[in-house]
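Below is one structure; the comments refer to it alone.
The values are calculated or read from the model by the stated rules, or taken from the named source; none is laboratory data. Owing to the predicted nature of the structure, the values given are computational and were not obtained by experimental measurement. Here Cβ is always computed from backbone atoms with ideal geometry, including for glycine, and neighbour counts include all displayed protein chains. Remember, those area values only see protein heavy atoms, side chains included, never the ligands or the DNA or RNA. Shrake-Rupley method; radii C 1.70, N 1.55, O 1.52, S 1.80 Å.
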Amino acid sequence: MTQNWIEIRKLTFRRGNRAILDSLDIDIHKGKITAILGPSGCGKTTLLRLIGSQLRPTDGSIRVDGTDITQLQRKALFKLREQMGMLFQSGALFTDLSVYENVAFPLRLHTQLSESMIRDLVLMKLHAVGLRGARDLMPAELSGGMARRAALARAIILDPQLIMYDEPFVGQDPIFAGVLRDLIKRINDAMGCTCIIVSHDIAETLAISDYIYVLANGRIIGRGTPDAVRNSDDPWLRQFLQGLPDGPVPFHYPAPEYLLDLRLGEG
Amino acid sequence: MLDLLQRMGRTGLNATAGFGRAGILLWQAVWGPIDWRNGPALLVRQLHFVGVYSLIIIVVSGTLIGMVLALQGYTVLVRFGAESALGQFVSLTLLRELGPVVAALLFAGRAGSALTAEIGLMKATEQLAAMDMIGVDPLRRIARPRLWAGIIAMPILAQVFNMVAILGAVGVGVGWLGVDAGSFWSNMQSIVEFREDVLNGIIKAFAFGVVVTWIAIFEGFDTEPTPEGISTATTRTVVYSSLAVLAMDFLLTAVMFGVD
Ligand SMILES: Nc1ncnc2c1ncn2[C@@H]1O[C@H](COP(=O)(O)OP(=O)(O)O)[C@@H](O)[C@H]1O
Ligand SMILES: [Mg+2]
């Protein structure tokens, strides 16, 4: 079979007249960690929602294992999503359920396992993210980092083939960002699953990814292995990777000429 | 001129699209297979949430409004020496109009706004999206039990309102102003008819329950997922559902008690 487990072709998504994603081509290899880097607001979350089929594209196709998921019916879609885990940017733990019940939620829904089996599985996943002792806490009692990890345990409880991470490193202190980075890598190695990380955190993401796409203004502006991306001399990539304030992505919102605006040119 | 037309057209289109989305939401939330495993527990929880949260404000306002009604009614009736008719004046006003309407307005302000804020927050924190990803339809899991809870709770709350309001009126009328207790109650009993007054009031309350909860849930799901979005949606719930209650009250009153 083809190496490209997920093939995205000419993917376009519009809201109103604005193209949020514009004709993207992305390949995701099985068992690898693929990262999509881009500044905030460039459409990364939208892209994940499209892959999870929560949004329908305006144009283009997303093939997973050969089937175009943009054409799937609702039932087949839900079946497909059982193979997908998603770590949402805000964690998205259900606020009315404890950590334990949050992680058990997908099991209760999709399996007929006995209560003791559920307990074992939940505790295993909680142990993997270091929260076995926090099982009885409510989401409101967790710190940001703990909530993210609990959500990760929930995302991997069904052993999905594809895990999508939405800005996993945002708002985390450096220690926890490191913990999470290792966790993502470890899960990828141990479960052999395919990972997609979208992020604007360059250092953390480059450190664990096998392949990188760089997204800006709804288009792919660069792609390659972490080394290739790091050493690229493309001005767009350089600006983004080095955090230069001005460059091809302008610092200034489009505006009339400064002096004219100040009326200094007049009499 | 053209600009005005354009804007009117856009507003009209947006409003129509909104009605469409709200209709679809109602349909999907009400229709479909019942989840016997989780459904009852979810419903009981929501009943507790909307019912108990509104109960205190309903009881307090009901008492106060009953007291005011008695006071106002007495000052008018006593001029004609008809203060013994206070019982029927208070009970008819409450059962037919004030009970359902005021209870619904309070319900919209207390439970309706809380529902919108809760669902809006779930949307903003991506809980609805997570549910959808995991394979639970948020309309079934979130909207349905809340909708039914509101529909069930509203008529009960309206009756509680009527009850405490009548007690408040007795307190002021009989206890303070000295209306004869016997004539208060017997006048009330002889004039109030079950079908005409009590049942119509319950039907009104039921209709208000549907509309207020529907608007609250729809605004929650339709929230723009930002802090400002949640606050405007909450305001919209209170404004729209209050207006809807008053407009519907006029229509229902015209149908139920109108000249025939
Ligand atoms: N519901 C929506 N309606 C209109 N615009 C939206 C909506 N959701 C997102 N957008 C816009 O789409 C763009 C991409 O959003 P998003 O995918 O969340 O970006 P990212 O995750 O990269 O920060 C943003 O500019 C945002 O303003
Ligand atoms: Mg995002």
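Couple of notes before you dig in:
- Interface size, chains A and B: roughly 1700 Å² of accessible area buried, both sides included, 1.4 Å probe, rounded to the nearest 100.
- Computed from phi, the 3J(HN,Hα) profile of the stretch A:83-96 under the Karplus parametrisation 6.51, -1.76, 1.60 (θ = phi - 60°) reads 8, 10, x, 10, 9, 6, 4, 8, x, 6, 5, 6, 5, 8 Hz, with x in place of Gly and Pro.
- Within straight-line cross-link reach of A:Lys75, lysines at Cα separation under 27 Å, skipping those fewer than 8 residues along the same chain: A:Lys10, A:Lys30, A:Lys44, B:Lys123
- The Kirkwood hydrodynamic radius of the stretch A:33-94, based on inverse pair distances between different Cα atoms, is 13.1 Å.
- Counting only protein heavy atoms and a 1.4 Å probe, chain A has 50 square angstrom of accessible area per residue.
- As a calculated quantity, the FRET efficiency between A:Asn231 and B:Phe250 at R0 = 45 Å, using C-beta atoms, amounts to about 0.05.
- For A:Ile197, the amide hydrogen comes within under 5 Å of the amide hydrogens of A:Thr34, A:Ala35, A:Ile36, A:Tyr165, counting only partners 5 or more places away or on other chains and with H modelled in the peptide plane.
- Of all accessible heavy-atom area on the stretch B:38-252, the percent that carbon and sulfur account for (1.4 Å): 72
- Under the Debye formula (equal points on every Cα, no solvent term), log10 I(q)/I(0) of chain A at q = 0.07, 0.12 Å⁻¹: -0.29, -0.77
- With Cα atoms defining each centre, the stretch A:16-87 and the stretch B:22-38 are spaced 28 Å apart in the structure.
- Taking every C-alpha pair closer than 8 Å and separated by at least 6 residues, the mean separation divided by the residue count of the stretch B:38-252 gives a relative contact order of 37 percent.
- Measuring heavy-atom accessible area with a 1.4 angstrom probe and counting protein chains only, the residues of the stretch A:39-56 that give up at least 50 Å² relative to the chain alone are A:Gln54.
- Cβ-Cβ FRET estimate between A:Ser23 and A:Ala203, R0 fixed at 30 Å, reported to 0.05: 0.55
- If both residues of a DSSP beta bridge must be in the protein assembly as shown, then about 55% of such bridges are antiparallel.
- Start at zero, step by 10 Å, and the Cα-Cα distances of the stretch B:91-211 spread as 13, 32, 24, 16, 9, 5, 1 percent across the bins.
- For the stretch B:38-252, accessible area per residue (1.4 Å probe, heavy atoms of protein chains only), Å²: 42
- If the chain linking B:Leu64 and B:Leu121 were pulled fully straight, counting 0.36 nm for each residue of separation and taking away their Cα-Cα distance, it would gain 17.1 nm.
- Heavy-atom accessible area with a 1.4 Å probe sorts B:Ile217, A:Ile202, largest first, into A:Ile202, B:Ile217.
- For chain B, the membrane-span-like helices by this rule, meaning whole DSSP H stretches whose C-alpha atoms cover at least 15 Å of axis and whose Kyte-Doolittle mean is 0.0 or above, are B:2-30, B:53-77, B:113-124, B:144-170, B:181-191, B:200-221, B:227-257; this says nothing about an actual membrane.
- Calculated FRET efficiency for the pair A:Arg238/B:Thr232, C-beta based, R₀ 41 Å, to 0.05: 0.50
- Protection proxy ranking of B:238-246, B:93-101, B:15-23, B:207-215, by the mean of other Cβ atoms within 10 Å over each peptide's residues and highest first, is B:207-215, B:93-101, B:238-246, B:15-23.
- Each 10 Å bin from zero up to the one holding the largest Cα-Cα distance in the protein assembly as shown carries the following percent of pairs: 3, 15, 21, 20, 15, 11, 8, 5, 2, 0.
- For a label point 7 Å along the Cα-to-beta-carbon line of B:Met163, residues of the stretch B:74-105 with backbone N under 16 Å: B:95, B:99-100, B:103
- For the protein assembly as shown, calculated [θ]222 nm from helices alone, where every DSSP H run of n ≥ 4 adds -39500 (n - 2.57): -17500 deg cm²/dmol
- Counts of other chain beta carbons within 10 angstrom of each beta carbon in peptide A:153-162 average 1.
- Bridges between two residues of chain A, per DSSP, are antiparallel at a rate of about 55%.
- Long-range tail of P(r) for the stretch B:38-252 (Cα pairs > 25 Å, %): 44
- Taking the Kirkwood radius as Rh and the Cα radius of gyration as Rg, the stretch A:163-202 has a ratio of Rg/Rh equal to 0.96.
- Both radii are taken from the alpha-carbon atoms of the stretch A:22-151; with Rh as the Kirkwood radius, Rg/Rh is 1.01.
- Average partner coverage of A:73-86, which counts Cβ from other chains inside 10 Å: 2
- Partner shielding of B:115-128 amounts to 3, given as the average count of beta-carbon atoms from other chains within 10 Å of each residue beta-carbon.
- Amide H partners (placed H, <5 Å) of A:Leu215, local residues excluded: A:Leu37, A:Gly38, A:Ile221
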